[in-house]
Amino acid sequence: MAIKISKIGVLTSGGDAPGMNAAIRAVVRTGLYHGFEVFGIMRGYQGLIEDEIVPLDTKSVANIIQRGGTILKTARCQEFYEFEGRKKAFENLQKRGIGGLVVIGGDGSFSGATKFSQEFDISCIGIAGTIDRDIQGTDYTIGFDTAVNTAVEAIDKVRDTMEAHDRIFIIEVMGRDAGYIALHSGIATGAENILIPERKTNISDIITSLQEKDRRKKMVNLIVVAEGDEFGGAEEVHKALVEKLPKAEIRICILGHIQRGGSPTCLDRLMASRMGYYAVQCFLEEKKNIVVGIQNDKINYIPLEKAVKAKGSISDEWMKIVKILAS
Ligand code: ADP
């Protein structure tokens, strides 16, 4: 019979996302409440390999729920791709008697955790922390709501100057593989065009509609582009438009890393708190190697190896809404 877990570790790994601190806090406080000893692992899998592991108490996570970033820091770790690296990581957990690990990160971090838990006697529980909202089996990932709200606030500001000068603006938001930030922020700011990796970009359609606007002397147009959009991002769209509309004033604004930072929204804090609470619950119920997701407002346990990037899940209905509302 497996020995009951009495000590757990928590780490944040891969891309940072606002709300990770709220998740750490929930894991630590729920863990302590149930009598676990809780350890924080610094800089993701790197700290696990380099033995940067510190005990956490309830005070260590005081006053962090509202803070962006992660108090445990995060990193990408090359050594963890190798068996030898993962072996070192396991030995560091083993010598402290840590039997459970909460991994707050994206699909890459979950791939690492899958291998780790298959090779060694360690139960890994994942919490989806990524601004991209693209993990299979969950309607929410921590950080998405904050990132979208940051994008909306910035785009609203750009729109003011765009309207004042009668300009065309191409705004690039984050999303290398997923268009959720572009879709949500674009709809919420009344963008005329939203370009995402999940859809083929019909640049000639955009050009035709802009030429039509030009004829009506109404050259105001907001285009929101995901960085991984199929056409090649804001710079490529800009090049294509400038060539066909030489007289128009066409500007680019790349929002970049501001979308990752800042104080998490109420929704992100709430989701992170819930997911952290249920992650610890998994150890109590002896559930192993799963990711805590939320679907239809209910907790959904996703097998770790199935918590991969959700591809192409933006429906045609969404694109229809974009088109109708922008007309
Ligand atoms: P994210 O979790 O945000 O998707 P990454 O894809 O960069 O971020 O993954 C974070 C870390 O997880 C990597 O730097 C690496 O240490 C570990 N990792 C990712 N994929 C694997 C894998 N296939 N095998 C082992 N470790 C992995």
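So here's what we get for this one:
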{"quantity": "Pairs where the first residue, in the stretch 70-92, is at positive phi and the second is assigned to a loop (DSSP other than H, G, I, E, B) and more than 12 Å from the ligand (Cβ to nearest atom), C-beta under 7 Å, 6+ apart", "calculated": "K73/M42"}
{"quantity": "Residue within the stretch 116-132 that is away from the ligand (no atom under 12 Å from the Cβ), over 28 Å from K4 (Cβ atoms) and among the hydrophobic types (A, V, I, L, M, F, W, C) present", "calculated": "no"}
{"quantity": "I206 vs. criteria closer than 21 Å to R159 by Cβ, without any contact (Cβ under 8 Å) to a residue 60 or more places away in the chain and under 31 Å from the mean Cα position of the chain (by Cα)", "calculated": "yes"}
{"quantity": "Condition check for I41: within 14 Å of the ligand (Cβ to nearest atom) and either surrounded by 24 or more Cβ atoms within 10 Å (Cβ to Cβ) or closer than 21 Å to V280 by Cβ (or both)", "calculated": "yes"}
{"quantity": "For T138: the one exception among (1) outside any strand (DSSP E or B); (2) more than 10 Å from the ligand (Cβ to nearest atom); (3) within 21 Å of F39 (Cα to Cα); (4) among the β-branched types (V, I, T)", "calculated": "(3)"}
{"quantity": "Filter result (surrounded by fewer than 15 Cβ atoms within 10 Å (Cβ to Cβ) and either under 25 Å from P197 (Cβ atoms) or basic (K, R) (or both)) within the stretch 272-318", "calculated": "Q295, K298, K306, K311, G312, S313, S315, D316, E317"}
{"quantity": "Extreme residue, nearest to A182 (Cα to Cα), among residues of the stretch 222-248 that are touching a residue at least 12 places away in the same chain (Cβ under 8 Å) and in a helix (DSSP H, G or I)", "calculated": "A234"}
{"quantity": "Residues within the stretch 96-110 that are within 19 Å of G14 (Cβ to Cβ), more than 6 Å from the ligand (Cβ to nearest atom) and in a loop (DSSP other than H, G, I, E, B), tallied", "calculated": "0"}
{"quantity": "V292 modelled with pLDDT of 95 or more and over 21 Å from V148 (Cβ atoms)", "calculated": "yes"}
{"quantity": "Selected residue [part of a helix (DSSP H, G or I), within 16 Å of the ligand (Cβ to nearest atom) and of a type outside the set (S, T, N, Q)] from G47, G15, G31, G9", "calculated": "G47"}
{"quantity": "Candidates I299, I207 - the one that is touching a Lys or Arg at 6+ places or on another chain (Cβ under 7 Å) and among the hydrophobic types (A, V, I, L, M, F, W, C)", "calculated": "I207"}
{"quantity": "Any chance R25 is more than 23 Å from Q94 (Cβ to Cβ) and buried (at least 24 other Cβ atoms within 10 Å of the Cβ)", "calculated": "yes"}
{"quantity": "Total residues in the stretch 260-271, condition in a helix (DSSP H, G or I) and surrounded by fewer than 23 Cβ atoms within 10 Å (Cβ to Cβ)", "calculated": "3"}
{"quantity": "Close pairs (8 angstrom Cβ cut-off, 6 or more residues apart or separate chains): over 13 Å from I104 (Cβ atoms) and without any contact (Cβ under 8 Å) to a residue 40 or more places away in the chain in the stretch 41-52, in a helix (DSSP H, G or I) and within 13 Å of the ligand (Cβ to nearest atom) anywhere", "calculated": "Q46/E79; Q46/F80; E52/Q46"}
{"quantity": "Qualifying residue in the stretch 75-95 (condition: within 22 Å of D268 (Cβ to Cβ), within 9 Å of the ligand (Cβ to nearest atom) and of a type in the set (S, T, N, Q))", "calculated": "no"}
{"quantity": "The stretch 50-74, subset surrounded by fewer than 22 Cβ atoms within 10 Å (Cβ to Cβ), more than 16 Å from the ligand (Cβ to nearest atom) and under 12 Å from L11 (Cβ atoms), residue nearest to the chain's Cα centre (by Cα)", "calculated": "I71"}
{"quantity": "Sole exception among (1) outside any loop (DSSP other than H, G, I, E, B); (2) within 15 Å of the ligand (Cβ to nearest atom); (3) buried (at least 17 other Cβ atoms within 10 Å of the Cβ) for D145, by number", "calculated": "(2)"}
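The values are calculated or read from the model by the stated rules, or taken from the named source; none is laboratory data. Being a predicted model, the structure only gives us computed values, none of them experimental. When we count neighbours, we look across all protein chains shown, and the Cβ atoms used for this are built from the backbone with ideal geometry, even at glycine.
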